[in-house]
Amino acid sequence: MWLARLSTRGRVTIPKKIRKKLRLEQGDRVAFVQIGDDMYMQPIKQTLLDNMGTIPVEEPQDFEKIRVNVKKMRGEERGS
């Protein structure tokens, strides 16, 4: 187990052994994922932009229309 201290500004230094184990370097991003009452830190090594162009499409995509549809579906899921 490793311990870290929270600063007055809400910052935590990730211990060197953990950074090394997770291969984290300066500027890398991490996500905090909550599962039940537990919180996990997960390194983010890729973004959606890293995967741009990996899925073949046959025609141009209307991203504004896609955005509207996703917002509508999310609203329906929440009961709005």
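The values are calculated or read from the model by the stated rules, or taken from the named source; none is laboratory data. Model, not experiment: these values are computed from the prediction. Positions of Cβ are generated from backbone atoms using ideal geometry, with glycine treated the same way; all protein chains shown enter the neighbour counts.
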Might you let me know whether the range 22-42 holds any residue that is at pLDDT 90 or above, among the acidic types (Asp, Glu) and either in a helix (DSSP H, G or I) or surrounded by 10 or more Cβ atoms within 10 Å (Cβ to Cβ) (or both)? yes
Quick check on my filter: what residues within the range 43-68 are assigned to a loop (DSSP other than H, G, I, E, B) and surrounded by 10 or more Cβ atoms within 10 Å (Cβ to Cβ)? Lys45, Asp62
